[in-house]
Structures are given as structure tokens and as C-alpha cells.
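J.: Below you'll find the structure I mean.
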Amino acid sequence: MKLTLKIWRQKNANTKGRFETYQAEASPDMSFLEMLDVLNEDLISQKQEPVAFEHDCREGICGTCNMVINGEPHGPMQGTTTCQLHMRHFNDGDTIVIEPFRASAFPVIKDLAIDRDSFDRIIQAGGYVSINTGQAQDGNAIPIEKETAAEAFDAASCIGCGACVAACPNASAMLFVSAKVSHLAHMPQGKVEAKRRAQAMVNQMDEEGFGRCSNITACEAECPKEISVEHIARLNREYLSSSVGSQVKA
Amino acid sequence: MPFEANVPPGPLGEKWTQYRGTMNLVAPNNKRRIEIIVVGTGLAGASAAATLGELGYKVKCFTFHDSPRRAHSIAAQGGINAAKNYQNDGDSVYRLFYDTIKGGDYRSRESNVHRLAEVSRNIIDQAVAQGVPFAREYGGLLANRSFGGVQVSRTFYARGQTGQQLLLGAYQSLSRQISKGSVEMYNRHEMLDLVIEDGKARGIIARNLLTGELERHAAHCVVLGTGGYGNVFYLSTNAMNSNGTAAWRAVRRGAYMANPCFTQIHPTCIPQSGDYQSKLTLMSESLRNDGRVWVPKNQEDAKAIREGQKTANDIPEEERDYYLERRYPAFGNLVPRDVASRAAKVACDEGLGVAPTGLAVFLDFESAIMRYGRSEANTRGIDNPSEAKIRELGKSVVEEKYGNLFEMYEKITGDNPYQTPMKIYPAVHYTMGGLWVDYNLQTNIPGLFSIGESNFSDHGANRLGASALMQGLADGYFVLPYTIGQFLSKEIRTPKIEPTSEAFDKAEQDVQHRLDQLMNIKGNQSVESFHRRLGKIMWDYCGMSRNADGLQKARKMIRELKDEFYSDVFIPGDAKDYNPELEKAHRVADFMELGELMMVDALDRNESCGGHFREEYQTEEGEALRDDENYAYVSAWAYNGWEEEPVLHKEELVFENVELKTRSYK
């Protein structure tokens, strides 16, 4: 199939970017990133700089790949990361617009590569259970309801890609933050510091310059792991009850 | 250089406990000023960095990823083994130890493997305490499943994303230490050299991948948890950026590389579909709990399927060859990976492959869907359920167990595995070989440690499923944080290491020289094209089966490829900038050297064992023929570049507790 690609090219964070147009060939069995590999090989053979895009596992789990494809983070397929998107979902002759996830908390490094250190700092603010290695009791000491563990897992399956931020008109990171808060609050081991965690992570999110949540729920629609906005409700519950109680320092 | 396994005395079951109780300690006041560099943030690196930070050491942790959470451990699907015996099915520490030794075809060190089995139990407890959402039964207790090469159910899992959940647990513990300031994290930094001062590992040269700047980092010791080198084959299930460079740079500074030819080819991967393919995707081994592997009995049917004239569903039961069940009745579809992979190759070599390339076999869930459906109908008290109802119920059970894997398969291939069997073929997945380490996980360079997949120590010639996660976390949480004290307790009088010595100057110059050399070639071919060609050589001559002629020929081919690379590779962009092509070039240059050493190692080992199948050494039935008299050793290679022949050092393996037997799964 023949494609026209409009790709965002930007030398670095301090220069202005623009769309460049390329013609590309693809086969329907290719993944989207393999289609870009072929384009890059072609550019290199012409001694031009390839399009910088980040990727790693190409199995939809590492969360590295990030592209807005025709206006949608990770492209048109629901529950699918860019690396798992295949060209059979496009048509011969299509024009495809490719740009990076855009948010002030995700500065562009080059072309489609962005900096998501802000997500790491949010986890560092409290997205963990405070236990040291070796302090654990037997794994079966506390039974956990099967459904509860499954709900915790659903939240924990977040891959930290940032599509929720890219999808949100406010560039809010609420779905990302709530997924971690909700995962740990569901588990008895994480429940102990749930309030403190919610407050610390939300404070950090604000500090990083992510926007506020105004219940648009575009995040849920674009999340490649289909994480539910119900977790945001859970986060709000933990956060509100922590605000009513004593303030804790992050 | 010292080359002692340093296995402590005492009976096997008591070695670790006794040793741990008598090891040298570093007092808290000294820990505060002792610095440790940890390279890599996968299960091994992240768990080690977090635990060392908790203990009070000053830790600097490095990853080439944009975040520690991206390390390739995240992609592990199936599960993690632990000798908990929660299922009351006769499991024990000894049985896990024995299964691992046997599964590794008697080419691993008894003492290390036993310790691994002992601490396996602590890992589950630790992960649960971190809030890892493992699968559970209705009673609220932890669920288990079976993996290959084993007759008990000891694998803990979190759907098909166990690696993700365990890595996030370790990442979160690491994040906690970063927030406390005990670990300083360096994202997007790639280690490009090891610095040795007075015979001890004292630092690294890292390239800041955003700016291209070279940086010197000094510490009292260095820990490598940098994963395996499966990407030497280009096509593998490894992530695109997984590479062997950090470990290989240590080898070039004198560390021994052990058993490099021991690579694991995983039997259940999605077959290659075209020349543009960038990587292969694993379908978890857990699928072999319920999936049955088969090919048509006759070549005409196979040909018709390949040409699209027939589908799997057109082949009647009596015309199918469930070859694993036929050849290995005791273990059936759950034979170890090396055995299953070889059997698939044999079937395809006989012209029975079912993909257009001829390289695929079926993995069929029809029996499981119907079996689960009938059981579910029974549980729900449905009398005389229709076949459609049974199928529907069975499908939902299978979906709960493997849903995400089935989805991934459908996304990639466009086929629905609930309706038609999966097509699978073996692919490179893991490397058992790695840096040689002693019982303390220290390499032959004092102060240089290696943990997780980057070392060679626990899996012999073949790793059992769900044991990689176990080893990574065992090393990082429960072994290295103790054993590192054996080295560091002698360093308490050593002042802070400054990165200003001649050794640092020299190492940085060497790295700069290599970068300049690569950038200045200014040829015409892309890095990727060389990597692809290297991978093809590796797969053809050092893949699922090897022979002496082929290995010799391939060694020559790699040298020719190397010459071409150094005269005609083209790297766009600038070295003093964000430049993914330059990163790749460095890694591919190292892979060529490593690839050559793999050929040398495979040629030296005149026997077949585990994943190393030499065609000259097989039984009449085509099974691997080991030679314990001459090859019961670890090959530890010193490698010093293209101009010198690699030098072999042998660590004889002593088996005091298990009897060396022909490995049979029949």
C-alpha cells in the first residue's frame, strides 16, 4: 500500500517544529513502527536524518512508544499501543498525520521523542508501599478476595505511556495517578498509606504542571490498557478524605 | 586474575544459611560513605539498587531507558516460580533445585541453584507485601499454574503480565529510595566502559543519551544487571534496545564471558511474516498448560494449509500428529523449551510446517475450551448443555486465563485463536550464558558484580520457564545485598573514589576514540542492515542446531561482515547530540565480537546439551547427547579483540548431590 505521511519534525526542545511530508510503502502485515522503520532506512540511504521516535518492547507493555496518529494517541484502534497497531487497519492511498504526545509536562526531545520524567517523579512522591526488603510475612497470610485482586490488577496494568495526558484537553495526568492510587488502595498492603499517597501524588502532579481533571473522560477512551475512569473517583475519595484529615508533607 | 567459585563449605542445604550468618558486614556508619554503581533497572538491577539503598549504601543507578520502568523485564508474561508448595503437590526447595539442575542439562553450579530455590519463597512474600496483584483463588489465596519441565504447580502469576507487575513492584521500591535520596537515578545514560583501578572495578564511563556528553562516574564497586544478549540474533523476543554492550565492555576489560553459546530458543512465538520484521513476539509458555501442539500427519495436508487451500479445522483428528504428546508421554506439551523447540524444527524440516514460510506449527486450544466448558456447565448445574453452550462457557474460562495473550495474537496476526489454532514457531528468547561469577555473584574482576540474566550462574544450558523472574529478583533482593559485603567490608578504609585517575582518563579516551571511529566511517549502509545480516548468520549457524563446519564458516562470515561494517557503515547526525543510530552502531559493533565468541564457544563444546545442539552429537532418536566426562565444565572465556584468539578457562562442575543422568522427559 502507498501512504502519504505528515510527520512532526523538531530538532530539539528549543526550536520550532513543523510537519514534513513523506511518501511511504507498506504491507498490511507490518506494524506501524515497522512502516516507520522502512521510512527511516530509506531516509538513511539518502543520507538524511531519520525520524526520531521512541520504542522498545514492541509488545504493547513497556509504554515507550508515543505518537498521536491522525489526532488520536496511539492511533485509531481501541486498547492498542502504537507498536501493536498494524497497517491492515489503514487503506492504500491514506494520508496519516503523526505527531508527538503534546503537554507542557512532556517536553519534546526531538521529532516524536518526548521527556516523561514527570511521571517518574509522581511515583517517587508516593506511588509505593513503604516496606523494606526482608520485612514481609508469608504471602498467603492475608487472603484477598479474587475480585479485589482483579480490580487492583486492572488499575496496575497502566504502562505509564502518557496517552491519557495527550488525550486530555487539560493535559491532566489524573488517570495515570489514579491508576496507581487505586491499585495500591485495593490491596490490604497498600491500604495503610492510601490517604497519604493520594495527597502526595496529586501534589506532585500539580507541581509538574499537569492540568486539572474536568471529567471529559477522553483519557479512558484513548488508554491503550483501557483503564477505567472509575479509578479517578477512587482517587478523589482518598484525596478528599485525606484533605479533611491532617495534612501530610509530600 | 582470581578464578575461584568460592563455594562455601557444608552440606548443600545449609551452605547459604551458614555462610550468610558468618559473612562480613559493613557497619551503618561505613555504609553511608560507600558508593555503589548499579547499571540496569530490570528486575535484578532495580531490586538490587532499592535494597542496597534501604541498607544505607550510597547508590548511583543507571539505565539507557527514559525511565527505570521500561526495562525489558516488564515484558515477561507467564510467571515466577517459588517452592512454596501451596498446592500440596509434593513441591519442595530440593525439588525446585533438582528440576532446575536437570532442566539446565547439568551444566550449572549446584550451590548457586540451591540458594536460588531457597530464596524463591522470600520473593513471593516480598512481592505480595509490595502490593503486587497476583492471581488468586476464590478463597483469597495465591493461585498457581504449571510450566514446562516440571510436574508440580509452583508458578505464581498476574494474568499474562507477571513481569510487568513484579518490575513495577521493584521500580516502586526503587522510586521510594530515589525520593529518600539514597539512590541517585540516571535515566538515559548508557554505560560504554568499565573503569578498573589497581585491579578493582571503580567506575564507569557513561554517555548521556540526550546530550551525547561522556560522563565519568566513580564508586567503590560496580554491579551489572544489564540483561541478556539475545538481540545478537537481530530477530528475537527481546526489546529492540536490549543489548550486550555494558557486559561486553566489561569483558573487554578482562571479565570472563561464560558459556556464551548457551542461548534459549523459545518454542512458542508468533512466526515471522516478512523481511521488514523488526522483532518477534512471544506467546507465553503458560499456553502450553492448555494448548496442544500439532502438525498434519502427512505432507499433502501441510502443503494445502500453507497454500491456503485447507485450514486447521479441515484436518480430522486422526490425521493430526500431536508430536510432543507422542514423543514425550510423561511431560507431553509441557516438555522444557529446548526440547519443544527442537521438535518443532524437526516437524518443519520434514515438510509439515503450516505457515506460508513453512516455519510454523499449530498450538490448539479446542480441547481445553471444550474441557473447561463441560466442567463449568457441571459447576453451574446445566443439564445436557448444547455444544455451543459448552464452547461459550469454555471460551470464557480460557479468556480469563489467557485473554490478553489471545488479544495480542489477534492484533499481530489478524487471526482469532478462539476459532482457529495459533501458529507458532521457535524464536530466540533468553541467554543462559553471561558474565562468569563466583558464589558471591562477583566476576573475576574484584568489585565487579553481575546479577540476573547478565550472569551465567543458574540455568546451565537451558532455563526452565518462570525462572528468569525468580533469578533476577533472588539476586537483587536476597543474594547480592549480602554477598557484596564480602568485598565492601574490606573497603571501609578506602576514601571516596574520585573519577580523576589515569584509569578514568584512559577509559574516557578509549570511548571517545571508538565513537569518533564509528562516526568517521561515513559509509553507505545503515547500522540496521548490518545487524540484520549478523542476526541471519547467528540464526543459521548458531541457532537451534549447530555443526562444526557451519560454525567455522560462520566465524569467517562474521569477520568479513565486521570488515565491511568498519569500512561502510553510515551513521547520520552528530555524536554530541541525541542520536539513536549511534547508540545502535555501538551495540552492533559489540554484538559482532560477541557473536564470534559464541561461534568459538559452540565449536569448543563437542557435545549436545540443553539449548546447545550439535548435530554430530545426538542419540539415534535425535535427542541431545551429552558428554559429562569431557564437558562438565563452565567455559569462561577471556576475549581481547579481533586480533587475538579467545582464551578458555574451565571451571569444572562438581556434582555432589545429584547424579548426572540422561535427561529424559519421555
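The values are calculated or read from the model by the stated rules, or taken from the named source; none is laboratory data. Since the structure is predicted, the reported quantities are computational estimates derived from the model, not experimental observations. Reconstructed Cβ throughout: ideal geometry from the backbone, glycine too, with neighbour counts over all protein chains shown.
J.: Which of the residues belonging to segment B:156-189 are basic (Lys, Arg) and part of a helix (DSSP H, G or I)?
T.: B:ARG176, B:LYS180 - these are the residues of segment B:156-189 that are basic (Lys, Arg) and part of a helix (DSSP H, G or I).
J.: A follow-up question, please. Restrict the check to segment B:578-599 and report whether at least one residue is over 22 Å from B:GLU110 (Cβ atoms) and outside any helix (DSSP H, G or I).
T.: yes
J.: Just checking, which of B:ARG342, B:ARG371 is closer than 20 Å to B:ARG145 by Cα, touching a residue at least 12 places away in the same chain (Cβ under 8 Å) and either in the same structural domain as B:TYR418 (by TED's automatic domain parsing) or surrounded by 17 or more Cβ atoms within 10 Å (Cβ to Cβ) (or both)?
T.: B:ARG371
J.: If you go through segment A:47-55 one residue at a time, do you hit one that is within 10 Å of chain B (Cβ to nearest Cβ), without any contact (Cβ under 8 Å) to a residue 24 or more places away in the chain, out of contact with any Leu (no Cβ under 9 Å at 6 or more places or on another chain) and not small (Gly, Ala, Ser)?
T.: yes
J.: I would also like to ask the following. Every residue in segment A:63-89 that is over 22 Å from B:TYR276 (Cα atoms) and touching a residue at least 24 places away in the same chain (Cβ under 8 Å), please.
T.: Scanning segment A:63-89 gives A:GLY63, A:VAL68, A:ASN70, A:GLY71, A:GLU72, A:PRO73, A:GLN78, A:GLY79.
Rundown of residues vs (1) free of Cβ contacts under 8 Å to residues at least 24 places away in the same chain; (2) of a type outside the set (Gly, Ala, Ser); (3) assigned to a helix (DSSP H, G or I), yes/no style:
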{"residue": "B:ILE537", "(1), (2), (3)": "no, yes, yes"}
{"residue": "B:ASP540", "(1), (2), (3)": "yes, yes, yes"}
{"residue": "B:LEU551", "(1), (2), (3)": "no, yes, yes"}
{"residue": "B:ILE558", "(1), (2), (3)": "no, yes, yes"}
{"residue": "B:LYS562", "(1), (2), (3)": "no, yes, yes"}
{"residue": "B:TYR566", "(1), (2), (3)": "no, yes, yes"}
{"residue": "B:PRO572", "(1), (2), (3)": "yes, yes, no"}
{"residue": "B:LYS576", "(1), (2), (3)": "no, yes, no"}
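J.: Return the residue satisfying two criteria in turn: it lies in segment B:383-416 and is of a type in the set (Val, Ile, Thr) and within 28 Å of B:ASN144 (Cβ to Cβ), and of such residues it is modelled with the highest pLDDT.
T.: So the residue we want is B:ILE390.
J.: Among the residues of segment A:145-159, count how many are outside any helix (DSSP H, G or I) and either more than 7 Å from chain B (Cβ to nearest Cβ) or under 14 Å from B:ALA158 (Cα atoms) (or both).
T.: 3
J.: Follow-up. In segment A:126-144, what residues are within 7 Å of chain B (Cβ to nearest Cβ) and of a type in the set (Gly, Ala, Ser)?
T.: A:GLY127, A:SER130, A:ALA136, A:GLY139
J.: Restricting the search to segment B:400-428, which residues are assigned to a helix (DSSP H, G or I) and without any contact (Cβ under 8 Å) to a residue 12 or more places away in the chain?
T.: B:GLU400, B:GLU407, B:GLU410, B:LYS411, listed by residue number.
J.: Only residues in segment A:107-124 that are closer than 14 Å to A:ALA171 by Cβ and at the interface with chain B (Cβ under 9 Å from one of its Cβ atoms) count as the first member; pair them with residues that are at pLDDT 95 or above and part of a helix (DSSP H, G or I), Cβ under 8 angstrom, at least 6 apart or cross-chain, and list the lot.
T.: Here the result reads A:PHE119/A:PHE176, each pair linking segment A:107-124 to a residue that is at pLDDT 95 or above and part of a helix (DSSP H, G or I).
J.: Then there is this: Examine segment B:382-389 for a residue that is of a type in the set (A, V, I, L, M, F, W, C), assigned to a helix (DSSP H, G or I) and out of contact with any helix residue (DSSP H, G or I) (no Cβ under 6 Å at 6 or more places or on another chain), and state whether such a residue exists.
T.: For segment B:382-389, residues of a type in the set (A, V, I, L, M, F, W, C), assigned to a helix (DSSP H, G or I) and out of contact with any helix residue (DSSP H, G or I) (no Cβ under 6 Å at 6 or more places or on another chain): present.
J.: When the residues of segment B:1-44 are filtered to those that are of a type in the set (Asp, Glu) and over 21 Å from B:GLU498 (Cβ atoms), which remaining residue is nearest to the chain's Cα centre (by Cα)?
T.: Ranking the qualifying residues of segment B:1-44, first place goes to B:GLU4.
J.: Right, another one. Can you tell which of B:THR263, B:THR311, B:THR281, B:THR245 is in contact with a Lys or Arg (Cβ under 7 Å, 6 or more places away or on another chain) and either within 14 Å of chain A (Cβ to nearest Cβ) or β-branched (Val, Ile, Thr) (or both)?
T.: Checking each option against the conditions leaves just B:THR245.
J.: I'd like the full set of residues that are among the polar types (S, T, N, Q), at pLDDT 95 or above and more than 13 Å from B:ALA585 (Cα to Cα), limited to segment B:518-566.
T.: Passing the criteria: B:ASN524, B:ASN547, B:GLN552.
J.: Looking only at segment B:50-82, how many residues end up being within 12 Å of chain A (Cβ to nearest Cβ), farther than 19 Å from B:SER242 by Cβ and either within 21 Å of the chain's Cα centre (by Cα) or without any contact (Cβ under 8 Å) to a residue 24 or more places away in the chain (or both)?
T.: Of the residues in that region, 2 qualify.
J.: Taking the criterion of being part of a helix (DSSP H, G or I), surrounded by 24 or more Cβ atoms within 10 Å (Cβ to Cβ) and of a type in the set (A, V, I, L, M, F, W, C), would at least one residue in segment B:444-459 satisfy it?
T.: Looking through segment B:444-459, none of the residues is part of a helix (DSSP H, G or I), surrounded by 24 or more Cβ atoms within 10 Å (Cβ to Cβ) and of a type in the set (A, V, I, L, M, F, W, C).
J.: Restricting to segment B:112-133, name every residue that is more than 7 Å from chain A (Cβ to nearest Cβ) and either in contact with a Pro (Cβ under 9 Å, 6 or more places away or on another chain) or more than 30 Å from B:GLU325 (Cα to Cα) (or both).
T.: Correct list: B:ASN112, B:HIS114, B:ARG115, B:LEU116, B:GLU118, B:VAL119, B:SER120, B:ARG121, B:ASN122, B:ILE123, B:ALA127, B:VAL132.
J.: Looking only at segment B:235-263, how many residues end up being under 25 Å from B:ARG614 (Cα atoms) and surrounded by fewer than 24 Cβ atoms within 10 Å (Cβ to Cβ)?
T.: Counting residues in segment B:235-263 that are under 25 Å from B:ARG614 (Cα atoms) and surrounded by fewer than 24 Cβ atoms within 10 Å (Cβ to Cβ) gives 1.
J.: Could you check, for segment B:14-30, whether at least one of its residues is under 30 Å from B:LEU582 (Cα atoms) and either of a type in the set (Lys, Arg) or in a loop (DSSP other than H, G, I, E, B) (or both)?
T.: No - not one qualifying residue is present in segment B:14-30.
J.: Being within 7 Å of chain A (Cβ to nearest Cβ) and either farther than 16 Å from B:LEU282 by Cβ or modelled with pLDDT under 95 (or both) is the filter here; which residues of segment B:143-167 pass it?
T.: B:ALA158, B:ARG159, B:GLN161, B:GLN165
J.: Given (1) more than 8 Å from chain A (Cβ to nearest Cβ); (2) buried (at least 21 other Cβ atoms within 10 Å of the Cβ); (3) of a type in the set (Gly, Ala, Ser); (4) in a loop (DSSP other than H, G, I, E, B), identify the lone condition not met by B:GLY90.
T.: Condition not satisfied by B:GLY90: (2).
J.: Still on this model: Identify, from the list B:GLU453, B:GLU508, B:GLU491, B:GLU502, the residue that is among the acidic types (Asp, Glu) and under 12 Å from the mean Cα position of the chain (by Cα).
T.: After applying the criteria, what remains is B:GLU453.
J.: Next up: Of all residues being more than 14 Å from every other protein chain (Cβ to nearest Cβ) and among the charged types (D, E, K, R) in segment A:83-101, which is surrounded by the most Cβ atoms within 10 Å (Cβ to Cβ)? Just the residue, please.
T.: Among those residues, the one meeting the criterion is A:GLU99.
J.: Look at segment A:12-32 and say how many of its residues are under 16 Å from A:ILE114 (Cβ atoms) and either facing chain B (nearest Cβ under 9 Å) or acidic (Asp, Glu) (or both).
T.: Of the residues in segment A:12-32, 1 are under 16 Å from A:ILE114 (Cβ atoms) and either facing chain B (nearest Cβ under 9 Å) or acidic (Asp, Glu) (or both).
J.: Looking for whichever is of a type in the set (Gly, Ala, Ser), surrounded by fewer than 24 Cβ atoms within 10 Å (Cβ to Cβ), at pLDDT 95 or above and over 19 Å from the mean Cα position of the chain (by Cα) here; the options are B:GLY131, B:GLY140. Which one fits?
T.: B:GLY140
J.: Next question, about the same structure. Quick one: which residue in B:PHE62, B:PHE3 is over 20 Å from B:ILE492 (Cβ atoms) and either in contact with a Leu (Cβ under 6 Å, 6 or more places away or on another chain) or surrounded by 24 or more Cβ atoms within 10 Å (Cβ to Cβ) (or both)?
T.: Being over 20 Å from B:ILE492 (Cβ atoms) and either in contact with a Leu (Cβ under 6 Å, 6 or more places away or on another chain) or surrounded by 24 or more Cβ atoms within 10 Å (Cβ to Cβ) (or both) holds for just one of B:PHE62, B:PHE3, which is B:PHE62.
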